[in-house]
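Encoded as structure tokens, the structure appears first; notes follow it.
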2 protein chains.
Amino acid sequence: MNAQEQLHQWHELAQQLRVDSIRATTVAGSGHPTSSMSPADLMAVLLSKYLRYDFDNLHNPNNDRFILSKGHAAPLLYAMYKAAGVISDEDLLSLRKLGSRLEGHPTPVIPWVDVATGSLGQGLPIAVGIALAGKYLDQLPYHVWTLLGDSETSEGSIWEAFDRASHYTLDNLIAIIDVNRLGQRGQTELGWNTQAYATRARAFGWQAIEIDGHNLTEIEQAFSVALTINDRPTVIIARTKKGKGVAALEDLGGWHGKALKAEQEKQAIAELGGERHIKIQVNKPEEQSQPVSLGKAQPLQLPAYDKGAKVATRRAYGDALLALGAAQPDVVVLDAEVSNSTYAEDFAEAYPERYFEMYIAEQQMVAAAVGLQVRKYKPFASTFAAFLTRAYDFIRMAAVSRANIKLVGSHAGVSIGQDGPSQMGLEDLAAFRAVCNSTVLYPSDANQTAKIVAQMSDRPGVVYLRTTRESTPVIYSSDEKFPIGGSKVVQSSDRDQATVIGAGITLHEALKAYDRLKNEGIIIRVIDVYSVKPIDVQTLHQAARDTKGNLIVVEDHWLEGGLGAAVLDAFAGTSNTPIYDGLQLRLIKLAVSDMPSSGTPEELLHAAKIDADAIVEAVKSQVKQLVGASG
Amino acid sequence: MNAQEQLHQWHELAQQLRVDSIRATTVAGSGHPTSSMSPADLMAVLLSKYLRYDFDNLHNPNNDRFILSKGHAAPLLYAMYKAAGVISDEDLLSLRKLGSRLEGHPTPVIPWVDVATGSLGQGLPIAVGIALAGKYLDQLPYHVWTLLGDSETSEGSIWEAFDRASHYTLDNLIAIIDVNRLGQRGQTELGWNTQAYATRARAFGWQAIEIDGHNLTEIEQAFSVALTINDRPTVIIARTKKGKGVAALEDLGGWHGKALKAEQEKQAIAELGGERHIKIQVNKPEEQSQPVSLGKAQPLQLPAYDKGAKVATRRAYGDALLALGAAQPDVVVLDAEVSNSTYAEDFAEAYPERYFEMYIAEQQMVAAAVGLQVRKYKPFASTFAAFLTRAYDFIRMAAVSRANIKLVGSHAGVSIGQDGPSQMGLEDLAAFRAVCNSTVLYPSDANQTAKIVAQMSDRPGVVYLRTTRESTPVIYSSDEKFPIGGSKVVQSSDRDQATVIGAGITLHEALKAYDRLKNEGIIIRVIDVYSVKPIDVQTLHQAARDTKGNLIVVEDHWLEGGLGAAVLDAFAGTSNTPIYDGLQLRLIKLAVSDMPSSGTPEELLHAAKIDADAIVEAVKSQVKQLVGASG
């Protein structure tokens, strides 16, 4: 095939991608045809010549990766799959229908989709994570390609990605920006000023290539050059027209996210030269290598702490992570420039080849974790619990991506003391509980922390560990077990008048309250709910029955959505679980409700009414009420 | 005073700021002296000559604003206040103590602090908001100064701010980056490469000036030049040394966030020339103008909708916002490039001078809202509910700032249909409930929405409104009232066997279920909990008493932390509120628990088991259980 024939073939494929994007969205009655049409030429060339992907073996480690950062161009992606022969035309036309894998925005329900996109500004940061895996862990020559919209470069997360990608010299990363000039509601900020994009990209250390995104020769040249760059990532800034190829759509406003009606569709398809059913053979990777070995797994030797010693659970996290590093060579660690506070630094020192410093960029940190798990590594990413809120959209989307990531938030609650409210994680339990299929863990002691960390690495989904800044007494022996979904009844008798439920720092306040109340003749049960989600429903139900419904939940967290909410939920029915059928629940929530200030940890626990004093008072009020009620 | 004398005076003041930063942190036993020492020369010159601030009248609209983006340098800020004569030395030494206004990171508990900082990367985006107010609303010549750390430029939000500031030609904005080379745990990514910072800033459209941050002459020149730039914002990139002036600290690692011990303090102070107690008179603004008028308030004429019409609550939001715009000239609106979906576009068209397009940058949008309310405007900021998660750290910090902002999230829940889970707001109620002193509103009908929007503008704190994509029937007449904290009992009788509690889209499912159950002889109460926080506790208690504890909460939200949790909380006690003393609660939560896909709204409500079918089934199971229990 000569050059002219090849250009013609690419053009035909591009037109097919456009036609199919229109056909699918018109049948669906919604979707983004025009956003799919602008980058069709780029994708036609990528798919025909440059992408190396073995559709017969999606687990081939040498496969290139392609991330559709502009997830709303899903019809284009699906049209590419059809062209590659892996979905049928019938599949294509199931777009956006219940039961179809072809959702409105791509998700990993489709086997060749690594991660969900659709929240803009996330694809590139995730691609950075995969490229880190390729260059530093797998050490395989595959490339990571990602197609961005121009509008999404407004998101700061894109610039976190630009920065970290050049910092880590990710020459295996190739980004393509589809500069079609039109956002959802009008012109983008930079319009067709591709030079502005290029200047910014270069300032952030990238190779930038400006092209006409509808000129197939320029596209081919840009891809060829990008593959030869070996000292930095490359961005191809492609000037395109939204709705390219159809006069009624091309470069016109008012067409974002709108499907064509039947008559419009007919005319558009005619203008594009009609339907085609070209199938192309996507090139398979030539490389036949396996990822390099990251060391031999040693038997797991978790740290053990003596009862009574004072050890912060964040310290135990660092120790356990170090141990896990020896036992599991696929564990990798990221931190956002606070590894000496989260104690990820010990792992960083022992296994620098598996540690990625993300600097102060929590969004990029979580995105990189999502990218690393695409290549089956087990990422643990840590920062202050308060600062994980910065990445909440990425965490939400990680769940849509069905990603397996472990996030660790230190410095939870008012008990951090003097630094003040900006540094206190007080909404993390609420935020992480409200993530689909998440696990939320909150240990109170160092031995417990170690056992829990060991279980995290193979736990699927978004797994969150909350750690405490302050040193707290070791109360469990190192041979106890702490299964996820369980709890520990720390104090109990057959005379318990109330149950106090705590976790983390408040468990220790509950134990102080236990001693004081016992001296006054009031016996309470104390339960350590280290597994906040899933929670140990049975033990809570038993306690409610045994202590006349008198439950007190005490937590270093806002009143809403945290431990107290988790306990209440254990007594509600759902469409899958029955209602608690015991007696009336008399539950008191002790939690932070006013904005904290600076102070010592003790002062702040007291001011927030979540210390032993507050627990003693709450128990007495319950027991007194009960006496009053029965007397 | 000649130039030499002035330089000497500035040097003396800078040394005092250093000494006082050390003294305060040593007494406190914690804090960030070295981070306070690097920018001391910059701040000495700013305070002595360039800042225009009337400490006697902090409400003077012509005052410059100073935002300490690197909030951990709080001791430096407090030392500046001491030098300005507005706090005493005794105050200074109360740093980080319970009851002191001088918290570990600055908060507006201090009258001259406009916003809280301490979560890095937020000060500059907020400064953009204030500068927008200054240039476009107040139209006064004050300047907004902000001091950044170098580490925080890793946050993408900084680049959102750089971009939007130049887009809006904020020549009244002057940023200073304290490039002290050392982050919390070692060298920053760019070290002392001030040229890299300058290149990036210029690529984003700023004037960039590189200086030696310890050279008082260079500092003075840079500030002077910055004040003359009138076509773009200016950033001064100052190369400094962390811990400057004390050999044991200067440019050394391992000193981040560490107070000096008494002996170290003594030597450091000696090295800095001893304690000083210089007081300076900060220049007051020369300008005596008032902010320009943004129009005359018209009587509020809210939209009214006919009962039975089908209107989306997002549509009603847009209509009500437009009405509010006429009635309240201090209402301003922001959106993140989806104003044609949130319907903020109508306000934008009517009042372009009070509308700020933030493009796709939710962090910058929320930060700008916080900045605008510093100048007493009433910002409404909207995007898809799902994408407000992107700004969760900014929302959390807005509460620490005691900011009054209104946030509006559209496209809530699975009922958006075909676009799929990436676009569905399913964690917003949980996230916003867990914000200190927040208000969470979720109307079900257009007339209700209008009444609620009208109440939002004067409601203090973070106020969140959740709107629905789909059109739903108008069920309330336009003269009904919907006070925040209230609810509507939509169906009730003295024969109610169960209570179904919904809001937004699910209220309409509850009403369908009501009709179907009635046909089968089962009468239910239906409550519209449009005010999720605060919630109408009394009405819920009454319903529980009237319907034998049979409550069913149905919500288009994850199972955790949303409406169901809010209802459960109404039955729990806290340290301030007593336990519900009625009978046993038999509560069923119907909510989304599995990852949704694409589909029609009806299909997805059904698949999630939150439609009328699911409600009917749940009611029957409760009523049947009750029959079983009593029989």
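Readers should treat all values here as calculations from the given coordinates under stated rules, not as data from a laboratory. Remember, predicted model here, so these are calculated numbers, not experimental data. In this analysis, Cβ positions are derived from the backbone assuming ideal geometry, glycine residues included, and neighbour counts consider all displayed protein chains.
Which residues' amide hydrogens lie under 5 Å from the amide hydrogen of A:VAL311, considering only partners 5 or more residues apart or on another chain, with H built in the peptide plane?
When sequence neighbours closer than 5 places are left aside, the close amide H contacts are A:THR472, A:VAL474.
For chain B, what proportion of DSSP beta bridges, expressed in % and rounded to the nearest 5, is antiparallel?
15
Over the Cα atoms of chain A, each weighted equally, I'd like the Debye log10 I(q)/I(0) at q = 0.05, 0.09, 0.10 Å⁻¹, rounded to two decimals.
Taking Cα atoms of chain A as identical point scatterers yields -0.27, -0.77, -0.89.
Provide the gained length on full extension for the span B:GLN288 to B:VAL109, in nm with one decimal, where the gain is 0.36 nm per separating residue minus the Cα-Cα distance.
So the chain would gain 61.7 nm between B:GLN288 and B:VAL109.
Can you pull the mean other chain C-beta count within 10 Å for peptide A:356-365?
5
From the phi angles alone, apply the Karplus equation (6.51, -1.76, 1.60; θ = phi - 60°) to the stretch B:215-232 and give each ³J(HN,Hα) in whole Hz, x where the residue is Gly or Pro.
My calculation for the stretch B:215-232 gives 9, 5, 5, 5, 4, 4, 4, 5, 5, 4, 4, 4, 6, 8, 5, 10, 9, 5 Hz in order.
For A:LYS244, give me every one of the lysines with a C-alpha distance below 20 angstrom, ignoring sequence neighbours fewer than eight places off in its own chain.
Counting by Cα, and skipping residues close in sequence, A:LYS244 has these lysines nearby: A:LYS70, A:LYS258, A:LYS261, A:LYS266.
Expressed in nm to one decimal, what extension gain is obtained for the pair B:ALA327 and B:ALA248 from 0.36 nm per residue of sequence separation less their Cα-Cα distance?
That pair, B:ALA327 and B:ALA248, stretches by 22.3 nm at full extension.
So for each of B:67-80, B:272-285, A:197-210, B:345-358 I average, over its residues, the number of other beta carbons within 10 Å; can you give me the resulting order with the highest mean first?
Per-residue mean Cβ counts within 10 Å order the peptides as B:67-80, A:197-210, B:345-358, B:272-285.
Can you check how the C-alpha radius of gyration of the stretch B:488-630 compares to 2.2 N^0.38 Å, as a plain ratio?
Here the answer is 1.01, to two decimals.
Which part of the stretch B:518-538 falls in the paramagnetic zone of B:ARG545, meaning amide N under 13 Å from the point 7 Å along Cα-to-beta-carbon?
Correct set: B:538.
Do any of A:LYS481/A:LYS518; A:LYS451/A:LYS518; A:LYS135/A:LYS378; A:LYS512/A:LYS624; A:LYS135/B:LYS241 go past 23 Å between their Cα atoms, and which?
Distance filter (> 23 Å) returns A:LYS481/A:LYS518; A:LYS451/A:LYS518; A:LYS135/B:LYS241.
Once each part is reduced to its C-alpha centroid, what is the distance from the stretch A:190-221 to the stretch A:527-561 in angstrom?
A separation of 56 Å, based on Cα centres.
Counting only other chains, what is the mean number of Cβ atoms within 10 angstrom of the Cβ of each residue in peptide A:598-607?
The per-residue average across the peptide is 4.
List every residue whose amide H lies under 5 Å from the amide H of A:VAL490, counting only residues 5 or more places away in sequence or on a different chain, with H placed 1.01 Å from N in the peptide plane.
Correct list: A:VAL526, A:ILE527, A:ASP528.
Averaged over B:173-185, how many beta carbons belonging to a partner chain fall within 10 Å of each residue's beta carbon?
Averaged over the peptide's residues, the number is 2.
From the label point of B:LYS266, set 7 Å from Cα along Cα→Cβ, how far away are the matching label points in the other copies, in nm, ordered shortest to longest?
Shortest to longest, the spacings are 9.6 nm.
Determine the dipole magnitude for the protein assembly as shown: charges of +1 sit on the beta-carbon of Lys and Arg, -1 on that of Asp and Glu, nothing else is charged, the reference point is the Cα centre, and the result goes in debye to the nearest 20.
Using Cβ point charges on Lys, Arg, Asp and Glu, the protein assembly as shown gives about 1820 debye.
How many nm separate the modelled label positions at B:ASP594 and B:ASP494, each set 7 Å beyond the Cα in the direction of the Cβ?
Calculated label separation equals 4.5 nm.
What percent antiparallel are the DSSP beta bridges of the stretch A:3-271, to the nearest 5?
5
Taking 8 Å as the Cα distance limit and 6 or more residues as the minimum spacing, I'd like the relative contact order of chain B as a percentage.
Computed value for chain B: 12 percent relative contact order.
Measuring from centroid to centroid over Cα atoms, what is the spacing of the stretch B:52-111 and the stretch A:430-503 in Å?
40
Defining the label point at 7 Å along Cα→Cβ, can you sort the distances from B:GLY254 to the same site in each other copy, shortest first, in nm?
6.9
Beyond 31 Å, how much of the Cα-Cα pair distribution for the stretch B:3-271 remains, as a whole percent?
19
Alpha carbon centre of the stretch A:334-366 versus the stretch A:379-405: separation in Å?
The stretch A:334-366 and the stretch A:379-405 have Cα centres separated by 14 Å.
Name the long-range amide H neighbours of A:LEU585: under 5 Å, sequence gap of 5 or more, or other chain; modelled H, no Pro or chain starts.
B:LEU585
More than 62 angstrom separation, counting every C-alpha pair in the protein assembly as shown; what % is that?
Cα-Cα pairs in the protein assembly as shown separated by more than 62 Å: 8 percent.
Quick one: label points 7 angstrom along Cα→Cβ at B:GLN221, distances to the other copies in nm, smallest first?
Sorted ascending, the copy-to-copy spacings read 4.4 nm.
Any chance you could list P(r) for the stretch A:23-101, counting all Cα-Cα pairs in 10 angstrom bins from zero, rounded to whole %?
P(r) over the stretch A:23-101, rounded to whole percents: 18, 48, 30, 4.
What relative contact order, as a whole-number percentage, does the stretch A:3-271 give when Cα pairs under 8 Å and 6 or more residues apart are counted?
It rounds to 23 percent for the stretch A:3-271.
What fraction of the DSSP beta bridges in the protein assembly as shown is antiparallel, stated in percent and rounded to the nearest 5?
Here the share of antiparallel DSSP bridges comes out near 15 percent.
Per-residue HN-Hα couplings for the stretch A:546-559, Karplus 6.51 cos²θ - 1.76 cosθ + 1.60 at θ = phi - 60°, whole Hz, x for Gly and Pro?
Taking θ as phi minus 60°, the curve returns 6, 10, 6, x, 7, 10, 10, 9, 10, 8, 8, 6, 4, 4 Hz for the stretch A:546-559.
For the pair B:ASP613 and A:LEU300, what calculated FRET efficiency results from E = 1/(1 + (r/R0)^6), where r is the Cβ-Cβ distance and R0 = 35 Å, to the nearest 0.05?
So, using R0 = 35 Å, E works out to roughly 0.10.
Can you tell me the dipole magnitude for chain A around its Cα centre, using point charges on the Cβ only (Lys, Arg +1; Asp, Glu -1), in Debye to the nearest 20?
Using Cβ point charges on Lys, Arg, Asp and Glu, chain A gives about 1080 debye.
Which ³J(HN,Hα) values in Hz, rounded to whole numbers, follow from the phi angles of the stretch B:344-358 under the Karplus curve 6.51 cos²θ - 1.76 cosθ + 1.60, where θ = phi - 60° and Gly and Pro get x?
5, 5, 5, 4, 4, 6, 6, 10, x, 6, 10, 10, 10, 6, 9
Can you compute the helix-only [θ] at 222 nm over chain A? Use -39500 (n - 2.57) per DSSP H run of at least 4 residues, normalise by all residues, nearest 500 deg cm²/dmol.
-11000 deg cm²/dmol
Can you name the residue in chain A whose Cβ lies closest to the A-to-B rotation axis, and give that gap in whole Å?
A:GLY156, 1
State, to one decimal in nm, how far the label point of B:HIS277 lies from the label point of B:HIS59, with both points 7 Å from Cα in the Cβ direction.
Simple spin-label model gives 3.3 nm for this pair.
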